[in-house]
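Only one structure is covered here, and it is reproduced in the block below.
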Amino acid sequence: MRYIHFDIPLQSKKVFFLVGVLSLLCQYVGAQTSSSRVFTQESAKEEDYFKIMRLPAPEGTVLEVGGLCTLPNGELAVTTRRGDIFIVENPTSQKPHFRKFASGLHEVLGIAYKNGALYCAQRGELTKITDTNNDGKADVFQTIAALPVTGNYCEYNYGPKIAADGSFFITCNLAFPEDEWWRPYSKAPWRGWMLHIQEDGRIEPWATGMRSPAGIGMIDNEMFYADNQGDWIGSGGIIHVKKGAFTGNPAGLVWTSQANSPLKLTQEQLFAKVSPRFQKNENGQDIRPLNVADEKFTTLFELKKSFPEIALPAVWLPHGILGISNSEIVTIPEGAFGPFAGQMLIGDQGQSKIMRVFMEKVNGEYQGAAWDFRSGFQSGVLRLAWAADNSLFVGETNRGWGSAGEATQGLQRLVWNNKVPFEMLAVRAMPDGFEIEFTKPVVRKSAADISSYAVESFIYKYHPVYGSPPVNTQKCAIKGVKVSEDGLKVRIAVDNLRKNYIHTISLPGVVETENSFSLVHPTTYYTLNNIPDGEKLSLTQTNTSKTTAAVPVKKTLADKTSGASKAGSSNTADKAAASGSKTPSFEVVKPLLTKYTCLACHSPDKRQVGPAYAEVAKRNYTHDQIVNLIHDPQPENWPDYATPMPPMPQVPREDALKIAAWINSLSK
Amino acid sequence: MKALDEVVLVYVADLKRITLPDFIKNSLCLIICILGLQSPAYSQTVLPLTDLTGFKPVSGNSWQIVGDVTADLDKDNRLTPVKGTGVLLNLPDKKRAESDLISNFEHGDVDLELDFMLAKKSNSGVYLQGQYEVQLEDSWGVKTPTSGNMGGIYERWDEKQLIGQQGYQGYAPRQNAGKAPGLWQHLKIKFQAPRFGADGRKTQNAKMLLVVLNGVNIHENVELLGPTRGALSQEEIATGPLRLQGDHGAIAFRNIRITNYDKPRAELIDLQYNIYKGKFDKAPDFSKLPPEAKGTSAILTSTVNRIPNEFLIQYQGKLRVPQAGEYTFNLTSPGGVGILKVNNNEIAKVVGETGQGKITLPVGDISFELLYSKFVSYIKPILGLTIAGPGFREYLVSDATTIKDPVDPIFVPAPTNTLLRSFIDLPEGQRLTHAISVGNPEQLHYAFDFDRGALALAWRGPFMDATPMWQDRGDGSSRPLGMLQPFGKPTLLFGKLSSEQALWPTDTTGSNYRPKGYTLDPQDIPTFQYQVHGAVVTDIIRVIDNGKGLQRTLTVQNSPANFYARLASGKKIEVYSKNMYLIDDKAYYLRLDEADNAKPIVRNMAGSQELIIPVQNKLSYSVIF
């Protein structure tokens, strides 16, 4: 069986975020085929295929990137949150040349090129910018559409994305109050909306339900956007935005009474079905709604039966695992990144990484699978743009929110070395399970063994609380597996498929033929909005049994510790941790921290999105207090950290206590 | 008496601004705004200026009482008076020999506030105690002022030195915040007199605590080591008269306000403390509670306590009240509840960070009790208390405590023509959300409001402070730096009036106003474009006369009938000369440069005056200040 090497070198500058649910992996660590070998070599990692390179800029250039686009001649337009637009000549060379094209704009958070002009969204307007006398500097700044704002700090505008007919789409962030930070509002027209704007300035309100729509993308001439987890938004994800859609956050619904609104759903109608939980304390101050552990709740897909305007995420990006603040969505063009051409990449501003998405249409609706792709960027990833040589420019900033990575801003470039990684290329829904396509042929025995796979599914609540824990988690038994002749596809028949649920599919046991490497990213999350009709797998075609009786492999040290989290293991470290007689070591809690996505935001000793655990230890909480704070965090306790921790009631008390004990041990 | 003077003023203001870093609050750069925030009008006198009896008889007779004055921009030293009272005018000429004017009253620590107007090329000054001069001079156009220019603290003089090296310890103002001659300017000085010991030797230097000219802090905490040149006496003194220079040119003063701080301050004595463990959101029954610790303390402080959280410090003592009157207390007690009881009255309960309480007290030793209960775990204990009362400056009676670390400000300079879009908070409080500021090396900058096509603000000095929008998340706004010249609430420049008396529209309703953006010329000077009432307008604002004014030129195509521009609105609009006006009680000049032969109209509206003019195709005017 593979010896999966978990490499998290805490002292190094790069932070790797493990994808996947480790407990599932651990469960199958023991299984092996009689003819498999135990390898101690490392499997390939992201950086073996995709290198992050610098774009040198003159010292002192403040590049808090808000917008990126590649011009037809290969130059790169970069906009910044300080209102500058740079044109970078020869951006992929050793000496890119920065030319200041424009300045003095108001926080430019997107840029696009059309017919010799640049179009950008600033705080107050959609602007067309042109250099009419060819001196390399902009001289005409035409207001295409002025957008009303109240003057709140968070009323950002993102975009534009340009449709095939030349019209523009932008999205508008809600306003966030200082005190009730959990309840953003829309008090100027179209805050919380996606707008369709013509060249002559006509504004057509397109859809609402948006909270912080920083990531938008035009895919196949359709608008998609990714929101940030927060109130009403259980987790991030990519949503296909058709005209008249409601994507979840009710703040923008205040404008649906306008004559030109494409949807008529009101807040009152929505709140009649889902309580907004306006609560006050004894002093009459509003208090934020908290997650209730055991309650009846609804989901967005259930509510869609009452409100057909609701747009469900096409592909959920589970919070903390595949990002915490999703951003730019792009399609990988033909000729770029090898087998992944045609698929989508999404940035994440909090975890400073990029995820990959494969989408298909089932019953006419988009759905698909998401994986991690590349982590380790120096700051929060906000914008992506393809270079002429098919490398990927990555624009970064984390000012005001914090992120993984050691920098507060960045302009980097992701380059593929033309070696094909062993990855799941695509996952397609089947009437009775899934078909997984690989980039390289698999070793039949590893792929045919149903114990090489693990599937479970879950969903998020739809409620006014900030974020949602995963709920209704259930396992899905694998009934059978069929490997294609060429070894590039595997079809698995899976029990307990649930429509609209996110299906976690892990393939820890599958290896490829060339080097026997396991998958660079062995776990994917498939959003099963629709189950297709068609032929089911005939079980005679499949391998339906586990391989020869699972012989527990002699556990290596890593296996021992990673297995500690699994109940029933005879591991002594596990016993000790359970009995509480010894403080759990980092090796014991690391898998827990990964499983519960703690490491998405925390590191033992470095400030990331959240405080370092060493800092938490200084607070001298009791173990019980830490357990309560995991379940019900109090962001007010950490005023210097901008991103609130969502409630994590899904962490069982026993595991939370281990984590607490380890955290508190850091203060000694 | 505790020697807190040095430390007092900075920390007093900062203490009031202690805002705990709640996690989405952006860190603004610390403005050390010294006092005046809570200072009540204790002992404030407004000099009546109905005659000269408040002043010593003068040798010459250049001083007189008048009702108003006008200067002449083209003639040196010309101030033309209008009969009346309320304005103190110095107008030396062949018949009126010049001299200084010296008040009958004497002062020590004092706040002085006044308006003044200088004639062209005039030179005057204000001498605190007759000894320390703040220079008033027509330095209009000087970009790097010296101590001898407008607002400088004049140099000291040692006659015994070599020629050319006799002047020393003069302090230039931080910028030339002065305005054109013939405009009323505003000066505020907070002065601290030198201190002397029982043996008469000086124990502390005099200080200019703060000098504010036209809203700009030009000196802060400048220590004066000795009298400036031409002082009444070379010996420093505890009190001295106010002296206005009159031997160098024509100047007018009005609205002279003096606040004396010449009384002893109230002191806290016999402070004892008890410390209790527990979480209290109101005063507990102390009789049932044994204290964890107790003791005496020389000063109010939270450091007597060691318990990190859920504690209550009870201070008891006496407030020694030296003169009867109203006393104001500002309490800072974050992370729980603070309760202040003076003379057995609960006068302040702070839930949050800060609070204030007032009470009228008689002379004597008055009972004093302060409770600080802290129970919010993540907030550091801080206890701060200031006291203000009749005749003494507000001062800090608690220990100088630490506050949030200040951040490096982010300034945007304008070495070339520079644009910066941002939110702008106007002096009157309105936030512009679609504004652009244009800065230039002549240091006369302006802000244009895209929402109304309005010239919203102009200012002279450094360009902008972008810290509010570029520090941390920011709030999207930037601050103009330097001396501001507001133009009132921004409204549309253009409008359709059904008659010459019709009200000017208050907003853009019905105007079809649409901003179209701007173009930049090769020097990056913007031309703004917009549409209003069907007309297409180009609007370009240029600096003229090396930074003395802004000229705004508008072209209008397709102007409708009854089309007017409202050039100005203010308290008063006076004619200065043909096609030139003084706006808003001589705050700035407005000159009509080009108007297609249209005639400007000054009209009286309710409570204000307006300058309007019909417009067809072209309009050009300048604001000069």
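The values are calculated or read from the model by the stated rules, or taken from the named source; none is laboratory data. Remember, predicted model here, so these are calculated numbers, not experimental data. Ideal geometry is used to build each Cβ from the backbone, glycine not excepted, and the neighbour counts take in all protein chains shown.
Scanning for something at positive phi, touching a residue at least 40 places away in the same chain (Cβ under 8 Å) and not β-branched (V, I, T), does the range B:232-241 turn up at least one residue?
Of all residues in the range B:232-241, those at positive phi come to none.
Within the range B:232-241, none of the residues are at positive phi, touching a residue at least 40 places away in the same chain (Cβ under 8 Å) and not β-branched (V, I, T).
Of all residues in the range B:251-278, count the ones that are within 25 Å of the chain's Cα centre (by Cα) and in a loop (DSSP other than H, G, I, E, B).
Counting residues in the range B:251-278 that are within 25 Å of the chain's Cα centre (by Cα) and in a loop (DSSP other than H, G, I, E, B) gives 1.
Matching residues to (1) farther than 30 Å from A:R82 by Cα; (2) not charged (D, E, K, R):
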site: A:F340; (1), (2): yes, yes
site: A:M344; (1), (2): no, yes
site: A:Q351; (1), (2): no, yes
site: A:V357; (1), (2): yes, yes
site: A:K361; (1), (2): yes, no
site: A:Q378; (1), (2): no, yes
site: A:L384; (1), (2): no, yes
site: A:D389; (1), (2): no, no
site: A:E396; (1), (2): no, no
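Applying the selection to the range B:79-91, what residues are at negative phi and either surrounded by fewer than 20 Cβ atoms within 10 Å (Cβ to Cβ) or among the polar types (S, T, N, Q) (or both)? Walk me through how you get there before you give the answer.
Start the filter on the range B:79-91 by keeping residues that are at negative phi, which leaves B:79-83, B:85, B:87-91.
Listed by number, the residues that qualify are B:T80, B:P81, B:V82, B:K83, B:T85, B:N90.
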In the range A:57-102, anything within 14 Å of chain B (Cβ to nearest Cβ), farther than 17 Å from A:K128 by Cα, in contact (Cβ under 8 Å) with a residue 40 or more places away in the chain and not β-branched (V, I, T) is listed as A:L63, A:E64, A:R81
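Listed here are the residues, each with its yes/no results for (1) more than 26 Å from B:Y395 (Cα to Cα); (2) touching a strand residue (DSSP E or B) at 6+ places or on another chain (Cβ under 8 Å).
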position	(1), (2)
B:V212	no, yes
B:L225	no, yes
B:I237	no, no
B:P241	no, yes
B:R254	yes, yes
B:L268	no, yes
B:L271	no, yes
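For B:K121, state whether it is without any contact (Cβ under 8 Å) to a residue 40 or more places away in the chain, out of contact with any Leu (no Cβ under 9 Å at 6 or more places or on another chain) and among the basic types (K, R).
Numbers: without any contact (Cβ under 8 Å) to a residue 40 or more places away in the chain: no; out of contact with any Leu (no Cβ under 9 Å at 6 or more places or on another chain): yes; among the basic types (K, R): yes.
Taking the combined requirement at face value, the residue does not satisfy it.
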If we take the range B:423-530, then strands (runs of 3 or more DSSP E) inside it with 2 or more residues that are under 25 Å from A:G201 (Cα atoms) and within 11 Å of another protein chain (Cβ to nearest Cβ) are B:431-439, B:514-520
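Kindly indicate which of A:A493, A:A426, A:A448, A:A477 is of a type in the set (A, V, I, L, M, F, W, C) and within 25 Å of the chain's Cα centre (by Cα). Please lay out each step first, then the result.
Details: A:A493 fails: within 25 Å of the chain's Cα centre (by Cα); A:A448 fails: within 25 Å of the chain's Cα centre (by Cα); A:A477 fails: within 25 Å of the chain's Cα centre (by Cα).
Only one candidate passes the filter, namely A:A426.
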Only one of (1) over 27 Å from B:D115 (Cβ atoms); (2) part of a strand (DSSP E or B) does not apply to B:Y589, and that is (1)
Of the listed residues (A:V140, A:V65, A:V88, A:V108), the one being modelled with pLDDT of 95 or more, more than 24 Å from A:V381 (Cβ to Cβ) and of a type in the set (A, V, I, L, M, F, W, C) is A:V140
Would you confirm whether or not the range B:175-198 contains a residue that is among the small types (G, A, S), touching a Phe, Trp or Tyr at 6+ places or on another chain (Cβ under 7 Å), assigned to a strand (DSSP E or B) and buried (at least 22 other Cβ atoms within 10 Å of the Cβ)?
no
Q | Residue check, A:G151 touching a residue at least 24 places away in the same chain (Cβ under 8 Å), in contact with a strand residue (DSSP E or B) (Cβ under 6 Å, 6 or more places away or on another chain) and at the interface with chain B (Cβ under 8 Å from one of its Cβ atoms) | A | no
Checked the range A:623-653 for anything more than 27 Å from A:E178 (Cα to Cα), assigned to a helix (DSSP H, G or I) and touching a helix residue (DSSP H, G or I) at 6+ places or on another chain (Cβ under 7 Å); matches are A:H623, A:V627, A:R653
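Are any residues in the range B:379-422 within 21 Å of B:W470 (Cβ to Cβ) and surrounded by 24 or more Cβ atoms within 10 Å (Cβ to Cβ), and if so, which ones?
Selection gives B:L420, B:R421, B:S422.
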Checked the range A:594-622 for anything in a loop (DSSP other than H, G, I, E, B), away from chain B (no Cβ under 14 Å) and touching a helix residue (DSSP H, G or I) at 6+ places or on another chain (Cβ under 8 Å); matches are A:Y596, A:H602, A:S603, A:P604, A:D605
Counting only residues that are in a strand (DSSP E or B) and closer than 18 Å to B:I366 by Cβ, the range B:328-345 contains a total of 9
Requested in this report: Test B:D281 against the criterion of being acidic (D, E), part of a loop (DSSP other than H, G, I, E, B), outside the structural domain of B:K586 (by TED's automatic domain parsing) and closer than 24 Å to B:W63 by Cβ, and give yes or no.
Outcome: no
Those residues of the range A:638-665 that are surrounded by fewer than 18 Cβ atoms within 10 Å (Cβ to Cβ) and within 14 Å of another protein chain (Cβ to nearest Cβ) come to a total of 2
For the range A:91-100, does any single residue satisfy the condition of being under 21 Å from A:E328 (Cα atoms), crowded, with 21+ Cβ neighbours inside 10 Å and at pLDDT 95 or above? yes
Residues of the range B:347-373 being at pLDDT 95 or above and charged (D, E, K, R), in sequence order, are B:K358, B:D365, B:E369
Within the range B:224-269, residues hydroxyl-bearing (S, T, Y) and surrounded by fewer than 18 Cβ atoms within 10 Å (Cβ to Cβ) come out as B:S233, B:T239
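Is it true that B:K578 is more than 13 Å from chain A (Cβ to nearest Cβ), among the basic types (K, R) and surrounded by fewer than 15 Cβ atoms within 10 Å (Cβ to Cβ)?
Numbers: more than 13 Å from chain A (Cβ to nearest Cβ): yes; among the basic types (K, R): yes; surrounded by fewer than 15 Cβ atoms within 10 Å (Cβ to Cβ): yes.
Considered against the rule, which asks whether it is more than 13 Å from chain A (Cβ to nearest Cβ), among the basic types (K, R) and surrounded by fewer than 15 Cβ atoms within 10 Å (Cβ to Cβ), B:K578 comes out as yes.
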